[in-house]
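The values are calculated or read from the model by the stated rules, or taken from the named source; none is laboratory data. Because the structure is a prediction, the values reported are computed rather than measured. Cβ coordinates were reconstructed from backbone atoms using ideal geometry, including for glycine residues, and neighbour counts include every protein chain displayed. Heads up: the accessible areas ignore ligands, DNA and RNA and are worked out on the full protein's heavy atoms, side chains in. Shrake-Rupley method; radii C 1.70, N 1.55, O 1.52, S 1.80 Å.
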Amino acid sequence: MGGAPQMPYPKWVWSPAGGWYNYYPKNWQRNAAIAAVVYGSITFFVFQLSASRERRPVPPVRPIPSQRWCAHAHEDDPQLRYKM
């Protein structure tokens, strides 16, 4: 079956997805853990920056979950403690 010759492919391939082969380097778990820590750290600092700069010029009618950690929530919405 399959009347054509097999398609040629390179023997050595590098790609972020791993290429054509299911090859795991011996330190793939360490590399994955390092990547997870870096990703988590960046996410944490972006979250902190966002929470410190969040402002609401018009107070919302209902409470918004991000008001729990927003730095200026009580300044922007004086009625916040009664809404929560």
Would you point out the residue of the range 59-72, among those that are closer than 15 Å to K83 by Cα and aliphatic (A, V, I, L, M), that is surrounded by the fewest Cβ atoms within 10 Å (Cβ to Cβ)? V61
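From the set of residues in the range 49-58 that are in a helix (DSSP H, G or I) and open to solvent by less than 80 Å² (accessible area, probe 1.4 Å), which is farthest from Y82 (Cα to Cα)?
Kept after step one, since they are in a helix (DSSP H, G or I), are these residues of the range 49-58: 49-53.
Narrowing the set further to residues that are open to solvent by less than 80 Å² (accessible area, probe 1.4 Å) leaves 50-52.
Details: S50: 25, A51: 21, S52: 22 Å.
Among residues in the range 49-58 that are in a helix (DSSP H, G or I) and open to solvent by less than 80 Å² (accessible area, probe 1.4 Å), the one farthest from Y82 (Cα to Cα) is S50.
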